[in-house]
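I have placed the structure first, in the form of structure tokens, so that the comments after it can refer back to it.
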Amino acid sequence: MSNTMGKPGNDDGGPYDPALSFSLDGDEEADIEVIGEADALSECLEEWREDACSVGLVPVLGEAHVGHLMLLALAARECDRVVVAAGPRAEILADPVGRTLLSRNGADVLYTGAAEIRPVSVDGLPGFADSMEGEFGRNALIEAVGRIESLVGVIAPQRLYQSGAVFQRACVLAARLSGREGAPLVRVVDAARGPGGITPVAEIDRLDETGRERVTKLSRIIGRMAGRIADGVSTPAGEIAWGMDALEQVGFDAIDYLEVRDPRTLAPVERAGAPARVFVAVRIGDLRFVDSVPVRSPDEDR
């Protein structure tokens with residue numbers, strides 16, 4: 001994973017690309033502009049527009065982690081210029097090593113003023129999101145969607161990059177932005193998973209050994225469900241029932257939901273063979289882990 005990402009040219013690859021190379025080397029001088037003021041960012045964007053550059057936006061609203069480098073790698077491959085917008089919990093990106101990692105993986109600007117932009121007011125969520133996120137995730141989802149919409153309004157990117165772990169957020173953003181003039185294409189990246197199949201998220205570092213083992217089992221459970229549905233040996237309903245039993249045996253403090261949904265509409269999927277994705281949200285203490293995996297047919301992996 002030490003390959004340096006450049007900008008070899010844009011392409012129109014698929015929405016899921018877990019095989020991207022990205023760099024974890026942080027020993028060179030960073031070639032990235034750090035901007036904290038909206039006016040300075042606007043001036044930079046105007047220069048890019050004069051040069052007819054396409055712009056990609058990678059928001060980092062929570063704590064930064066290696067999964068964000070996956071989003072950045074795809075953005076750098078598809079767009080002429082890339083803005084990483086960091087929230088207050090991602091201040092590590094402005095450190096020397098953080099700036100170097102962003103630069104080596106294709107970022108052109110680190111915008112550190114994202115927290116100063118007032119979020120767009122989001123009165124309600126589409127039914128598909130509200131029914132899944134419920135009491136515990138609704139407010140966080142509304143806050144994130146509002147902030148990202150504000151960033152989209154300021155930066156006007158051609159493409160907006162989101163992680164597959166927060167697939168619901170990507171769907172909500174796509175639904176809300178659809179039809180607007182100049183709306184960006186929302187791209188989703190299923191980030192490469194770490195040891196035990198764990199999706200890279202900053203909260204992992206707060207868990208003890210027992211908690212980490214539980215999250216590892218969570219990844220295995222939803223991966224097994226997706227595989228059996230893809231192979232046609234079980235139905236979505238059958239796998240949900242099995243998965244709920246398996247999650248209860250792991251001993252999570254709460255299981256908010258386990259669903260098999262259509263990746264375009266988030267409508268429930270009732271039969272194997274239909275486009276589908278497995279979604280889950282569980283809680284360990286005061287931490288909430290949200291994850292999802294695509295149900296891929298054998299032909300897709302060839």
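Considering only residues that are open to solvent by 20 Å² or more (accessible area, probe 1.4 Å), in contact with a Pro (Cβ under 8 Å, 6 or more places away or on another chain) and under 20 Å from residue 148 (Cβ atoms), which ones fall in region 55-74?
Once the filter is applied, which keeps residues that are open to solvent by 20 Å² or more (accessible area, probe 1.4 Å), in contact with a Pro (Cβ under 8 Å, 6 or more places away or on another chain) and under 20 Å from residue 148 (Cβ atoms), region 55-74 yields only 65.
In region 218-236, what residues are under 11 Å from residue 272 (Cβ atoms) and either out of contact with any Pro (no Cβ under 9 Å at 6 or more places or on another chain) or of a type outside the set (A, V, I, L, M) (or both)?
228, 231, 232, 233, 234, 235, 236
Residues of region 107-132 being touching a Cys at 6+ places or on another chain (Cβ under 9 Å), of a type outside the set (Asp, Glu) and outside any strand (DSSP E or B), which ones?
Once the filter is applied, which keeps residues that are touching a Cys at 6+ places or on another chain (Cβ under 9 Å), of a type outside the set (Asp, Glu) and outside any strand (DSSP E or B), region 107-132 yields 126, 128, 129.
Could you list, in sequence order, all residues of region 77-134 that are in contact with a helix residue (DSSP H, G or I) (Cβ under 8 Å, 6 or more places away or on another chain), acidic (Asp, Glu) and open to solvent by 30 Å² or more (accessible area, probe 1.4 Å)?
Within region 77-134, 80, 116, 130 meet the criteria.
Take residue 299 and decide whether it is at pLDDT below 95, outside any strand (DSSP E or B) and surrounded by fewer than 22 Cβ atoms within 10 Å (Cβ to Cβ).
Yes, satisfied.
Are any residues in region 63-93 in contact with a Ser or Thr (Cβ under 6 Å, 6 or more places away or on another chain) and aliphatic (A, V, I, L, M), and if so, which ones?
86
Only one residue in 263, 294 is modelled with pLDDT under 95, open to solvent by less than 40 Å² (accessible area, probe 1.4 Å) and part of a loop (DSSP other than H, G, I, E, B). Which one?
On inspection, the qualifying residue turns out to be 263.
Kindly indicate whether any position in region 208-224 is crowded, with 16+ Cβ neighbours inside 10 Å, in contact with a helix residue (DSSP H, G or I) (Cβ under 8 Å, 6 or more places away or on another chain), without any contact (Cβ under 8 Å) to a residue 60 or more places away in the chain and part of a loop (DSSP other than H, G, I, E, B).
No, region 208-224 has no match at all.
The values are calculated or read from the model by the stated rules, or taken from the named source; none is laboratory data. Computed from a predicted structure; not experimentally measured. Glycine also receives a Cβ, built like all others from the backbone with ideal geometry; neighbour counts cover every protein chain displayed. Just the protein is used for accessible areas: all its heavy atoms, side chains included, with ligands, DNA and RNA removed. Shrake-Rupley method; radii C 1.70, N 1.55, O 1.52, S 1.80 Å.
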